[in-house]
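Below: the structure, in structure tokens.
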Amino acid sequence: MSYELEAAVSAARAAGRLLHERLGATLQVRHKGPADLVTEVDRQVEDLIASTLREACPTYGLLGEERGEQFVSDNPRWLVDPLDGTTNYIRGYPFFAVSIALERDAEIVVGVVYNPILDELYEAEKGKGATLNGRPIHVSTATSLGDSLLASGFPFDAWTNEIDNGQQWRRFLKLSLSLRSDGSAALDLCHVAAGRIDGYWELRLGPWDMAAGGLIVQEAGGAVSLVNGEPFSPYGGDVLASNGHLHAEMLAVLNNAP
Ligand code: IPD
Ligand code: CA
Ligand code: CA
């Protein structure tokens with residue numbers, strides 16, 4: 001295990017402990033947008049992750065969802081979502097995670113996602129495969145949409161933006177076994193990687209949501225792209241992740257005119 005992966009794992013575990021401790025406490029909830037929430041715990045956890053990573057890698061940069069750019073360097077730099085699934089966390093809905101990725105020379109080289117409720121730790125390093133709690137994971141083998149369980153998330157600005165995934169959701173509803181929307185992009189990506197679901201797409205995500213999970217899917221043998229089929233980038237704004245077999249078919253459904 002690389003030094004950086006070790007640092008990311010120890011930061012994610014520390015963050016998970018803090019999330020666990022504060023779960024169910026009375027929180028100060030602030031609206032970033034009508035349906036986009038944040039609490040003081042999001043910021044506390046980001047600060048904890050930042051201090052852990054800075055101690056391990058003092059010269060690296062960090063881009064976090066809550067505090068933005070920190071430290072001087074932008075290469076290498078950490079991409080951090082301290083709490084992916086804030087709405088769930090506030091409601092005690094047990095589906096949220098910590099997401100930490102390392103970007104070096106415009107490539108994501110380390111990805112760690114930790115679900116503190118199930119104590120599930122997903123790890124990947126570029127070219128070295130992906131694991132869940134230390135065991136190798138692989139995407140599913142489903143080859144037809146009719147046998148597939150899919151997931152998506154609803155955009156944070158759905159109240160005000162006409163472009164959403166409503167039509168796409170409806171089309172997949174008629175073609176797949178079923179659909180899930182559980183409110184954590186990072187965990188949805190990891191569930192594709194672990195073969196728990198066969199495909200996942202979402203519009204309007206940030207780099208902290210997708211960077212770690214995107215690498216974990218690729219290293220588990222899956223495919224990731226933008227929703228329009230262009231090559232995946234954590235800065236691309238949206239994502240389609242699948243077991244690879246379903247990718248072309250999902251792209252066709254997603255990009256069909258309504
Ligand atoms: C959110 C979650 C959710 C997705 C939202 C994201 P947050 O992240 O990933 O699944 O649908 O678009 O913003 O705000 O809880 O970190
Ligand atoms: Ca997020
Ligand atoms: Ca977050």
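The values are calculated or read from the model by the stated rules, or taken from the named source; none is laboratory data. Nothing here was measured: the structure is a model prediction, and the numbers come from that model. Heads up, the Cβs are rebuilt from the backbone with ideal geometry, glycines too, and the neighbour counts pull from every protein chain shown.
Return only the number of the condition from (1) within 16 Å of ligand 1 (Cβ to nearest atom); (2) outside any loop (DSSP other than H, G, I, E, B) that residue 205 does not satisfy. Against the list (1) within 16 Å of ligand 1 (Cβ to nearest atom); (2) outside any loop (DSSP other than H, G, I, E, B), residue 205 comes up short only on (2). I'd like to know if the stretch 153-162 contains one or more residues that are within 16 Å of ligand 3 (Cβ to nearest atom) and either farther than 22 Å from residue 86 by Cα or small (Gly, Ala, Ser) (or both). So far as the stretch 153-162 goes, yes, one or more of its residues are within 16 Å of ligand 3 (Cβ to nearest atom) and either farther than 22 Å from residue 86 by Cα or small (Gly, Ala, Ser) (or both).
Of the strands (runs of 3 or more DSSP E) lying entirely inside the stretch 58-105, those containing at least 3 residues that are over 17 Å from residue 153 (Cα atoms) and modelled with pLDDT of 95 or more span 61-64, 77-84, 97-104.
Within the stretch 2-30, the set of residues being part of a helix (DSSP H, G or I) and out of contact with any strand residue (DSSP E or B) (no Cβ under 8 Å at 6 or more places or on another chain) comprises 3, 6, 7, 10, 14, 17, 18, 20, 21, 22. Criterion first (surrounded by fewer than 14 Cβ atoms within 10 Å (Cβ to Cβ) and either part of a helix (DSSP H, G or I) or in the same structural domain as residue 123 (by TED's automatic domain parsing) (or both)) does residue 51 satisfy it? The answer is yes for residue 51. Restricting to the stretch 1-17, give me the number of residues that are surrounded by fewer than 19 Cβ atoms within 10 Å (Cβ to Cβ) and either of a type in the set (D, E, K, R) or over 19 Å from the mean Cα position of the chain (by Cα) (or both). Total meeting the criteria: 6.
Scanning the stretch 179-194 for residues that are in contact (Cβ under 8 Å) with a residue 40 or more places away in the chain and more than 16 Å from ligand 3 (Cβ to nearest atom), which turns out surrounded by the most Cβ atoms within 10 Å (Cβ to Cβ)? Among those that are in contact (Cβ under 8 Å) with a residue 40 or more places away in the chain and more than 16 Å from ligand 3 (Cβ to nearest atom), it is 193. On inspection, residue 37 qualifies as within 16 Å of ligand 1 (Cβ to nearest atom), in a strand (DSSP E or B), surrounded by 14 or more Cβ atoms within 10 Å (Cβ to Cβ) and free of Cβ contacts under 8 Å to residues at least 60 places away in the same chain. Considering the stretch 85-118, the residues that are loosely packed, with under 15 Cβ neighbours inside 10 Å and not aliphatic (A, V, I, L, M) include one that is farthest from ligand 1 (Cβ to nearest atom), namely 105. Residues being modelled with pLDDT of 95 or more, under 18 Å from residue 179 (Cβ atoms) and surrounded by 21 or more Cβ atoms within 10 Å (Cβ to Cβ) are represented in the stretch 224-239 by at least one member. The set of residues in the stretch 166-196 being part of a loop (DSSP other than H, G, I, E, B) and closer than 17 Å to residue 33 by Cβ consists of 183 alone. Quick one: in the stretch 208-231, of everything that is part of a loop (DSSP other than H, G, I, E, B) and touching a residue at least 60 places away in the same chain (Cβ under 8 Å), which residue is farthest from ligand 2 (Cβ to nearest atom)? Taking the candidates together, the pick is 221. Of all the numbered requirements in (1) more than 26 Å from residue 65 (Cα to Cα); (2) surrounded by fewer than 22 Cβ atoms within 10 Å (Cβ to Cβ), residue 246 misses one, and that requirement is (2).
Checking residue 148 against (1) modelled with pLDDT of 95 or more; (2) away from ligand 1 (no atom under 16 Å from the Cβ); (3) under 23 Å from residue 56 (Cα atoms); (4) touching a Ser or Thr at 6+ places or on another chain (Cβ under 8 Å), which single condition isn't satisfied? The number of the failed condition is (3).
Residues in the stretch 30-64 that are more than 13 Å from ligand 3 (Cβ to nearest atom) and aliphatic (A, V, I, L, M): 35, 48, 50, 53, 56, 62.
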